[in-house]
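Written out below as structure tokens is the structure these notes cover.
The values are calculated or read from the model by the stated rules, or taken from the named source; none is laboratory data. Model, not experiment: these values are computed from the prediction. Cβ placement follows ideal geometry from the backbone for every residue including glycine, while neighbour counts extend to all protein chains displayed.
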Amino acid sequence: MNLESLAQSLKKSTRVAVLTGAGISAESGVPTFRDPGGIWAKFRPEELASMDAFLSHPERVWEWYHMRRKTVHEVKPNPGHKALVQLEKLIPEFQLITQNVDDLHNRAGQKNILELHGNLTRSYCVSCGEPASPDYLNQFEKEIPICPACGDKLRPDIIWFGEMLNPEILNSAIETARRCEIFLVAGTSALVYPAAGLPLEALNNGAQVFEFNLEETALSHLVHGHFSGPCGESLPQLLSLL
Ligand code: BJW
Ligand code: ZN
């Protein structure tokens, strides 16, 4: 299947879903996780992205999240994000599902977004559960942010390893994957579950599944088409054919 035939299929489709991962934001300057030079090449996941890490070294964990919040604040959505905003406008039932926490789909103007792993701009209290506003969080640059309601620690609103995803968001993503006619997978290594199970749900329910990635992934041999190359080029190319 080539991009032209995918464009023809999209023109006839009512229900389309897209799953994105860190690769779609790479061209904006946000590091991925598992590529050489990615986040996990420098840090061990269990030392920063787990409740155990937060309980033993909250200052270290927050320092890392403050740094990442600063990085994403300084970058902009790229042509890959923008192409998906255009695609949403053309499809009657469109759902974007992202594993990314960088808020770039939202900043690009995407409307229907399910954020599976949370968002760097949000935080909530470990004791009373109260969320803090992004503006409040921005007052803290290095130190551990404190809950304005009860004085205990805030934590990033991010799903760490071993934590359950928000069941409403996950169920909605599963339902979307089961119902869609076309499911696009862009810039993810498709290694982290339950997100990596969504393309399989789509395949098992008869959807056509297409992958956009620089490289082959665990999913590549199962999909109906693999488009190799940077999403910032391949997705706009697809949109130009619609
Ligand atoms: C481009 C490109 C360009 C580059 N254009 N392409 C076995 C052992 C241990 C645990 C498990 C296990 N089996 C399952 C688990 C559970 C675990 C899991 O899946 N682990 C796997 C690693 C095996 N999952 C969980 O723990 C989840 N929770 C859960 O399952 O709850 C139930 C449960 C409870 C109790 C016990 C057990 C289960 C939660 C997962 C939360 C994931 N969170 C993270 C980090 C958050 C921290 C943070 O960001 O601050 O989310 S992990 C990290 O990976 C991040 C990402 O969202 C996620 C996915 O990564 P992604 O997006 O795919 O990025 P990369 O870097 O992997 O890939 C980038 C891709 O882009 C590559 O393919 C490139 O080629 C490509 N690319 N540039 C196109 N320009
Ligand atoms: Zn509190």
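Structure summary
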read-out: Qualifying residue in region 164-174 (condition: in contact (Cβ under 8 Å) with a residue 24 or more places away in the chain, in contact with a helix residue (DSSP H, G or I) (Cβ under 7 Å, 6 or more places away or on another chain) and of a type outside the set (S, T, N, Q)); value: yes
read-out: Region 71-91: number of residues that are free of Cβ contacts under 8 Å to residues at least 60 places away in the same chain and either assigned to a helix (DSSP H, G or I) or of a type in the set (Gly, Ala, Ser) (or both); value: 8
read-out: Answer from Ser172, Ser127 - the residue that is assigned to a helix (DSSP H, G or I) and either surrounded by fewer than 16 Cβ atoms within 10 Å (Cβ to Cβ) or at pLDDT 95 or above (or both); value: Ser172
read-out: Ser189 farther than 13 Å from Val18 by Cα, within 13 Å of ligand 1 (Cβ to nearest atom) and surrounded by fewer than 17 Cβ atoms within 10 Å (Cβ to Cβ); value: no
read-out: Criterion violated by Met164 - all others in (1) part of a helix (DSSP H, G or I); (2) within 16 Å of ligand 1 (Cβ to nearest atom); (3) surrounded by fewer than 16 Cβ atoms within 10 Å (Cβ to Cβ) satisfied; value: (1)
read-out: Pair list, Cβ under 6 Å, 6 or more apart: region 145-163 residue in the same structural domain as Asp135 (by TED's automatic domain parsing) and of a type in the set (A, V, I, L, M, F, W, C), other residue within 8 Å of ligand 2 (Cβ to nearest atom) and not in a loop (DSSP other than H, G, I, E, B); value: Cys147/Cys125; Cys147/Leu154; Leu154/Cys125
read-out: Every pair of residues 6+ apart whose Cβ atoms lie under 6 Å, when the first sits in region 185-201 and is at negative phi while the second is charged (D, E, K, R) and part of a helix (DSSP H, G or I); value: Glu201/Arg178
read-out: Breaking point among (1) of a type in the set (Asp, Glu); (2) in contact (Cβ under 8 Å) with a residue 40 or more places away in the chain; (3) away from ligand 1 (no atom under 15 Å from the Cβ), for Glu115; value: (3)
read-out: Residue that is modelled with the lowest pLDDT [pool: residues in region 145-161 that are within 16 Å of ligand 1 (Cβ to nearest atom) and assigned to a loop (DSSP other than H, G, I, E, B)]; value: Phe161
